[in-house]
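One structure is given below, encoded as structure tokens.
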Amino acid sequence: MLHYLLKRLLMMVPLLLGITLISFVVIHLAPGEPTDLQTELNPEASVELKERLRAQYDLDKPLLVQYGLWLKRLAVLDFGDSFSQDRRPVVDRIAERLPITILINVLSIALILLVATPIGILSAVRQNSLFDRATTVFVFIGFATPSFWLALLLMDYLGVRLGMFPISGVRSLGYDYLSWGGQLWDRIHHLILPVFVSAFGGLAGFSRYMRSNMLEVIRQDYILTARAKGLSESVVIYKHALRNALLPVITILGLSVPGLIGGSVIFETIFAIPGMGKLFFDSVMMRDYPVIMGVLVMGAVLTLVGNLIADLSYALADPRIRNT
């Protein structure tokens, strides 16, 4: 298992370098520069001032040289300083926003697993039943519903009209004056809608994956043998069939991490949540290259770690993977 882990870690290094190189080139090929926001709206800004600003930000150097300088700083975990007026270190800005994004994504994954797994199992065991048909309708709705439209719909109906949930931020104005329990409930109350929106599409997809895997497993010969031995249906399903049916789902769960992190940009912007997604959106609008690259690197690392955890879970569940 240790050899398998080391091999996966070594494979992550060139993959991360490739991600950073492509991201660095793409964001610099996009129209506009950070200096445009400081010079184009200033009638007194001269061409010389713009060139001095480009030199200050190393934008006057060739693209590969800029990437080399950025990579040199990254080697010592220095993401540089933001191009914004406060010139704060990128690490500090990310450290402020990262915990809430991780929390929302972890809660979304937990919600997906807790809800989609039993739905998929029951749909497979009760194939073609009313429950199975109802969940099939739910799946089609989940796949067809854009997350941004669902977020706006829930904000309007549950937040504005009914006043059941807050529609922005992660805490209320009087948060500091609440008791410990009140602060905890206030946080939970603010996160219900964002977590649901983040997990909604995954609920539909994972329940279908779980259903198809269970249908394939319960038709295997060893399941028929277990039933022929007189084992109860719950033991056959949850002890013998479930473990094998979960193997493909574990892989899909690791592959879904990039989608959840990418979706953070949408719902964090809509719900005004001060997370990495909102920071990334604001940085793109401001052409803040160091912050953009810092967020992309953190997102790539989280994605690779999520895939690594999925691979390790797959290897733990299936000994044949560990021996390859």
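The values are calculated or read from the model by the stated rules, or taken from the named source; none is laboratory data. The structure presented is a predicted model; accordingly, all values stated were derived computationally and were not measured. Methodologically, a virtual Cβ is constructed for each residue, glycine included, from the backbone with ideal geometry; neighbour enumeration extends over all protein chains shown. For accessibility, only protein heavy atoms count, side chains too; no ligands or nucleic acids. Shrake-Rupley method; radii C 1.70, N 1.55, O 1.52, S 1.80 Å.
Worth a mention:
- Residues of the stretch 92-101 satisfying the condition of being surrounded by fewer than 16 Cβ atoms within 10 Å (Cβ to Cβ) and aliphatic (A, V, I, L, M): Ala95
- Across the stretch 290-310, the number of residues qualifying as within 14 Å of Ile250 (Cα to Cα), open to solvent by less than 20 Å² (accessible area, probe 1.4 Å) and not aliphatic (A, V, I, L, M) comes to 1.
- Yes/no for Phe206 being open to solvent by 20 Å² or more (accessible area, probe 1.4 Å) and under 23 Å from Ser108 (Cβ atoms): no
- Yes/no for Asp186 being assigned to a helix (DSSP H, G or I), charged (D, E, K, R) and open to solvent by 60 Å² or more (accessible area, probe 1.4 Å): no
- Every pair of residues 6+ apart whose Cβ atoms lie under 7 Å, when the first sits in the stretch 183-208 and is without any contact (Cβ under 8 Å) to a residue 60 or more places away in the chain while the second is among the aliphatic types (A, V, I, L, M) and in a helix (DSSP H, G or I): Phe200/Leu150
- Meets criteria (open to solvent by 20 Å² or more (accessible area, probe 1.4 Å), in contact with a Ser or Thr (Cβ under 6 Å, 6 or more places away or on another chain) and assigned to a helix (DSSP H, G or I)) for Arg227: no
- In the condition set (1) of a type in the set (S, T, N, Q); (2) in contact with a Pro (Cβ under 9 Å, 6 or more places away or on another chain); (3) without any contact (Cβ under 8 Å) to a residue 40 or more places away in the chain, Ser129 is compliant with all but (2).
- Leading residue by the ranking (most open to solvent (accessible area, probe 1.4 Å)) among those in the stretch 268-289 that are touching a Ser or Thr at 6+ places or on another chain (Cβ under 6 Å) and of a type outside the set (A, V, I, L, M, F, W, C): Lys278
- Cβ-Cβ contacts under 8 Å between residues 6 or more apart (or on different chains), taken from a first residue in the stretch 169-182 that is touching a residue at least 12 places away in the same chain (Cβ under 8 Å) and at positive phi to a second residue that is assigned to a loop (DSSP other than H, G, I, E, B) and of a type outside the set (Lys, Arg), are listed as Gly169/Phe271; Gly169/Ala272; Gly169/Ile273; Gly169/Pro274.
- Scanning the stretch 154-183 for residues that are under 25 Å from the mean Cα position of the chain (by Cα) and open to solvent by 80 Å² or more (accessible area, probe 1.4 Å) returns a single hit, Arg171.
- Given (1) farther than 28 Å from Asp92 by Cα; (2) not hydroxyl-bearing (Ser, Thr, Tyr); (3) not in a helix (DSSP H, G or I), number of the condition Arg211 does not satisfy: (3)
- Residue check for Leu113: surrounded by 12 or more Cβ atoms within 10 Å (Cβ to Cβ) and in contact with a Phe, Trp or Tyr (Cβ under 7 Å, 6 or more places away or on another chain): no
- Condition check for Arg87: of a type in the set (Lys, Arg) and either within 27 Å of Leu246 (Cα to Cα) or without any contact (Cβ under 8 Å) to a residue 60 or more places away in the chain (or both): yes
- Restricting attention to the stretch 126-153 and to residues that are of a type in the set (Phe, Trp, Tyr) and either under 19 Å from Ile273 (Cβ atoms) or modelled with pLDDT of 85 or more (or both), the residue that is least open to solvent (accessible area, probe 1.4 Å) turns out to be Phe131.
- Helices (runs of 4 or more DSSP H) contained in the stretch 30-81 and holding at least 3 residues modelled with pLDDT of 80 or more and open to solvent by 50 Å² or more (accessible area, probe 1.4 Å): 63-75
- Inter-residue pairs, beta-carbon under 8 Å, first under 16 Å from Phe83 (Cα atoms) and in the stretch 41-54, second modelled with pLDDT of 70 or more and surrounded by fewer than 10 Cβ atoms within 10 Å (Cβ to Cβ), 6+ apart: none
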